[in-house]
Amino acid sequence: MGRVMKLPDFIEASKRYHKRLIITMGLIMGLLVLGLAVFVPLQPAIINHLQPRFGKDVASFVGQLPVGILIFSAFFGVIGSMLYTERTIGIVCPLCNKGLGNAPMRQVVIASKCCPHCGQRIIDEDAPGA
Ligand SMILES: [Zn+2]
């Protein structure tokens, strides 16, 4: 990446970044909801099945485990995919290398053509489509 970007390129890159994030989050949330829809109704059955053999505490712990694992996985999945997206197609200032991906940052960059972190111009002013 050069020292300055063209505005359409910046907008394109940040749209792609946001689209990827939204799709990934949607996918993870979809899987979470699906998983909860499967395991939450099963929870009493698992607990009832295990209770006679392992006692109430173990049974309810094991019964709640799938749902707990699902929620934990979704949580770390969201964090992991955010970091991954940021690292692979995230937008950083070409001068100070700080992130410009989130929506308010993007608005500041588009409006001012400067990086909100270091204040230097990072959008090529002669670019068409401004
Ligand atoms: Zn900067």
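Every number here is computed from the coordinates shown, using simple stated rules; none is lab data. These numbers were taken from a predicted model, which means no experiment stands behind them. Because the Cβ atoms are built from the backbone with ideal geometry, glycine has one as well, and the counts that use them run over all protein chains shown.
Here residue 22 and residue 69 are evaluated by their C-beta separation; at R0 = 25 Å the FRET efficiency comes out at 0.50.
Compute the angle between helix 103-112 and the longest alpha-carbon principal axis of the chain, please, reported from 0 to 90 degrees and rounded to the nearest 10. Roughly 0 degrees between the two axes. Taking the C-alpha atoms only, the angle from helix 7-89 to the longest principal axis of the chain is near 10 degrees. For region 13-70, the equivalent ellipsoid derived from the alpha-carbon gyration tensor has semi-axes of 37, 9, 4 Å in decreasing order. In a shell of Cβ-Cβ distance under 15 Å around residue 108, excluding residue 108 itself, what net charge do Lys and Arg (+1) and Asp and Glu (-1) give? Residues near residue 108 contribute +4 overall. Summing charges over neighbours of residue 79, with a neighbour being any other residue whose Cβ is under 15 Å away from its Cβ, gives 0 when K and R count +1 and D and E count -1.
Hydrodynamic analysis of the chain uses the Kirkwood radius over alpha carbon pairs. Inserted into Stokes-Einstein at 4 °C and 1.567 mPa s, it gives a translational diffusion coefficient of 73 µm²/s.
Using only Cα atoms, locate the centre of region 60-96 and the centre of region 1-53, then give the distance between them in Å, rounded to an integer. Spelled out, the Cα-based centre of one part sits 8 Å from the other.
Put simply, the amide H of residue 6, placed in the peptide plane, has neighbours under 5 Å in 124, leaving out anything fewer than 5 places away on its chain.
Pairs of Lys residues in region 5-122 that lie 8 or more places apart, or on two chains, and have C-alpha atoms under 26 angstrom apart add up to 9.
Across region 5-122, C-alpha contacts under 8 Å between residues 6 or more apart give a mean separation that, scaled by the residue count, equals a relative contact order of 27 percent.
For a 4.7 Å threshold on C-beta separation, the list of partnerless cysteines in the chain reads 114.
Summing charges over all other residues whose Cβ lies under 12 Å from the Cβ of residue 15, with Lys and Arg as +1 and Asp and Glu as -1, gives +2.
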